[in-house]
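Colleague: Here you go, one structure.
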Amino acid sequence: MKRFRLLIEYANTRMKIVHSIILISRTTKLAHAFCFHYILSSTYSLHQQLMKIY
């Protein structure tokens with residue numbers, strides 16, 4: 001039960017973060033480009049790390 005509540009809290013905070021990112025990106029295109037670049041670069045680095053493992 002405790003784990004489930006933690007999961008809900010985690011999901012809620014993630015939604016808040018995503019929502020704030022969307023709000024920022026709507027106000028400024030620069031922030032949107034930065035978020036896109038950040039997501040892309042983090043995904044790429046994660047991919048590189050996975051490739052090193054295998």
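None of the figures in this text is laboratory data; all of them are computed from the coordinates on show. If you're wondering where the values come from, they're calculated on a predicted model, not measured in any experiment.
Colleague: How long are the semi-axes of the equivalent ellipsoid of the chain, taking √(5λ) for every eigenvalue λ of the Cα gyration tensor, in whole Å from largest down?
Modeller: 25, 24, 4
Colleague: If you don't mind, another one. Under the rule of -39500 (n - 2.57) per DSSP H run of 4 or more residues, summed and divided by the residues of the chain, what mean residue ellipticity at 222 nm is obtained, to the nearest 500 deg cm²/dmol?
Modeller: Only helices count here, giving -33500 deg cm²/dmol.
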